[in-house]
Amino acid sequence: MADESENSQSDDVAVKANADPAAELEIDSEQLRDGTRRERNFLLTICSVFLVILAYQYLSLALKKPEPLPWKPGESAQLFRVDVNTGTWIEWSQLQGIGPSLAHRIVADRSANGPFQTIDDVQRVHGIGPMTLDRIRPWLTITPESPAPPSQTD
């Protein structure tokens, strides 16, 4: 009798083992496909949200203009002078009313048309009028041109 019960149990196990593997594999592979699909969609959603946030941060920083540094002319401003014939655009742009664009035009004019003979010659630059010149005149200097070296003739 014990042998019969062992045989019937082994037959049940054999029947289950023979009948279920294909069905079990189909269910497992279907669950696996659904699981990976869900995971893939979840990861795609997370990555999309991350990219949108990253793009927003980039654009907000790229389009933000820096605030100009606060500057108040004080006593030390009287010590600052710009030589009209040797001043760089950076030095010119330090003057009140002269921005980087106008400073570049002054240097370009000086390079194209030669040095300024007087401080009033700065008015030949487009954008420098009498009022602007009067405002920046206290900070302008001009160095006399050095004479040409004597030529050596025998």
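The values are calculated or read from the model by the stated rules, or taken from the named source; none is laboratory data. Predicted, not measured: the structure shown is a model, and the values here were computed from it.
Observations on the model:
- Test for residue 77: is it in a helix (DSSP H, G or I), of a type in the set (A, V, I, L, M, F, W, C) and modelled with pLDDT under 80: yes
- Checking each residue in region 81-94 for being of a type outside the set (Val, Ile, Thr) and under 14 Å from residue 122 (Cα atoms) picks out 83, 85, 87, 89, 92.
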